[in-house]
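Asks: My questions will all concern the structure given below.
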Amino acid sequence: MRKTVLLALGLVSGMTLTGVCMSEPNEHLNITRQIKVSPSHRVMPYKLTRASNGDLIILGSNYQADSRAWATRLAPSGEVRWEFIQGGPDGWNDHRPLGQRFYGAVEMPEQATLLCGIKVIDNTNVIMLVTLAKDGSLISEKLVPPVRENVVISLYSCHKRSDGIVLMGTVSGQPAGTAWMAKLDWHFNLQWKKFSTDFGNGEYMETGGTLTALGWYVKEYYVVKIGPDGDIIAKQLLPVGEHHLVQGNATDPPVRIVTMLSTFKHTEILDFDEQLQGPARTLKLHNVGVNKSLALSDGTIVILGSQYTDSATAAVTRVYKDGGYKSFLVEPPHQSPWYIDAVLIGNRACAITK
């Protein structure tokens, strides 16, 4: 089956990129815009990020085997600014299972874009940093040696700091659950790298110069706060489940985590303070599947994921400040029962699915 990205603009008092719109007082959800990205190619989207000018950057690979790293940048209107395939035009026809993919993007001066990913060379994963000009043309490709020799590395995210870039990922081998964190200067020279079972290997969120990360070690699940130098500032254990950080405009409480304890059946929202003490409050939701959670400026939370009736159906759940919640099944049904990722556009959400 041909894979495409479905985008829709709209959700909550308006919402989606496969998109959805809730408005008060009726709380009616509908699709305001749907955009098919790269209609002439097979692409696999994994990450959606938003630039400071409102542009949307979608990251992933071509085809299901991750043969080539792929990315595209869209204007807020949905217009394609550029589409990039690692390996040049011939890369669209290369379907070897090489595991190459873009995992993150960083804004550079003059509307340039840095794409962070993995490239396979001689059966070894190497970190790949691709810099594109405003028009999407290739400026440079920098390969960073493996963070540890004789192991397989994975990259989960890259983050812009005032004095460089932070990369985060995992390494194979023992002990299980080991993650790595590396700091590069603006010339992509390695300044330091660290390894820990406490860095996390899931989602990351930047808050005031620190990183909040979710992770697991064997059967232990936790959330940590990581300082600019890679040191662990705080750590809190979490219940066993699939965890997602609530990202967006809201700042109270500082850290919110949505935990899916059993698929489609039981979900909890946990509130922690800046030092990860808590939870101060736990909200319980039922029949709510979670893939992305966003906080709106009015204090409500939008959960994008799935709801199970006769089968899994794409759904959006709005959680109110008093703990009440309401789910909306997306109509018409999309090709996938799950949203992949989402970002905020003002007080709206923009989501992708495949």
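Asks: Out of segment 29-76, which residues are assigned to a strand (DSSP E or B), more than 19 Å from LEU304 (Cα to Cα) and of a type in the set (Ser, Thr, Tyr)?
Replies: The answer is SER61, THR72.
Asks: Can you say whether LYS326 is at pLDDT 80 or above, part of a loop (DSSP other than H, G, I, E, B) and out of contact with any helix residue (DSSP H, G or I) (no Cβ under 9 Å at 6 or more places or on another chain), as far as the supplied structure shows?
Replies: No, not satisfied.
For (1) at pLDDT below 95; (2) in a loop (DSSP other than H, G, I, E, B), each residue gets a yes or a no:
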| position | (1), (2) |
| --- | --- |
| GLY78 | yes, yes |
| TRP82 | no, no |
| GLY87 | yes, yes |
| TRP92 | yes, no |
| ARG96 | yes, yes |
| GLY99 | yes, yes |
| PHE102 | no, no |
| VAL106 | yes, no |
| GLU110 | yes, no |
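Asks: A follow-up question, please. Does LYS219 satisfy the criteria of being of a type in the set (Lys, Arg) and without any contact (Cβ under 8 Å) to a residue 40 or more places away in the chain?
Replies: yes
Asks: I'm checking my understanding of the structure. Among residues of segment 269-282 that are in a strand (DSSP E or B) and over 21 Å from LEU329 (Cβ atoms), which one is most open to solvent (accessible area, probe 1.4 Å)?
Replies: ARG281
Asks: Within segment 121-133, can you find the residues that are in contact with a Lys or Arg (Cβ under 9 Å, 6 or more places away or on another chain) and either of a type in the set (Val, Ile, Thr) or not in a strand (DSSP E or B) (or both)?
Replies: VAL126, ILE127, VAL130, THR131 - these are the residues of segment 121-133 that are in contact with a Lys or Arg (Cβ under 9 Å, 6 or more places away or on another chain) and either of a type in the set (Val, Ile, Thr) or not in a strand (DSSP E or B) (or both).
Conditions tested, residue by residue: (1) under 13 Å from VAL246 (Cα atoms); (2) within 21 Å of the chain's Cα centre (by Cα); (3) touching a residue at least 12 places away in the same chain (Cβ under 8 Å).
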{"position": "ILE269", "(1), (2), (3)": "yes, yes, yes"}
{"position": "LYS284", "(1), (2), (3)": "no, no, yes"}
{"position": "ASN287", "(1), (2), (3)": "no, no, yes"}
{"position": "ASN291", "(1), (2), (3)": "yes, yes, yes"}
{"position": "GLY299", "(1), (2), (3)": "yes, no, yes"}
{"position": "SER306", "(1), (2), (3)": "no, yes, yes"}
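Asks: Being within 27 Å of ILE345 (Cα to Cα) and in contact with a Gly (Cβ under 7 Å, 6 or more places away or on another chain) is the filter here, so list the residues in segment 245-263 that pass it.
Replies: Listed by number, the residues that qualify are ALA250, THR259, MET260.
Asks: For segment 197-216, how many residues meet the condition of being open to solvent by 50 Å² or more (accessible area, probe 1.4 Å) and touching a His at 6+ places or on another chain (Cβ under 8 Å)?
Replies: 1
Asks: Which one is most open to solvent (accessible area, probe 1.4 Å) among residues in segment 217-235 that are in a strand (DSSP E or B) and under 15 Å from MET168 (Cβ atoms)?
Replies: ILE232
Asks: What tally of residues in segment 134-191 results from selecting those that are outside any strand (DSSP E or B), among the β-branched types (Val, Ile, Thr) and more than 23 Å from the chain's Cα centre (by Cα)?
Replies: Number of matching residues: 1.
Asks: To continue, here is another question. Does segment 56-74 contain at least one residue that is at pLDDT below 90, crowded, with 20+ Cβ neighbours inside 10 Å and touching a strand residue (DSSP E or B) at 6+ places or on another chain (Cβ under 6 Å)?
Replies: Looking through segment 56-74, at least one residue is at pLDDT below 90, crowded, with 20+ Cβ neighbours inside 10 Å and touching a strand residue (DSSP E or B) at 6+ places or on another chain (Cβ under 6 Å).
Asks: Of all the residues that make up segment 236-257, how many are in a strand (DSSP E or B) and not β-branched (Val, Ile, Thr)?
Replies: Looking only at that region, the number is 10.
The values are calculated or read from the model by the stated rules, or taken from the named source; none is laboratory data. Note that the structure is predicted; figures quoted are calculated from it, not measured. Glycine gets a Cβ as well: all are built from the backbone with ideal geometry, and neighbour counts include every protein chain shown. To get the accessible areas, we keep the full protein, side chains included, count just its heavy atoms, and leave off ligands, DNA and RNA. Shrake-Rupley method; radii C 1.70, N 1.55, O 1.52, S 1.80 Å.
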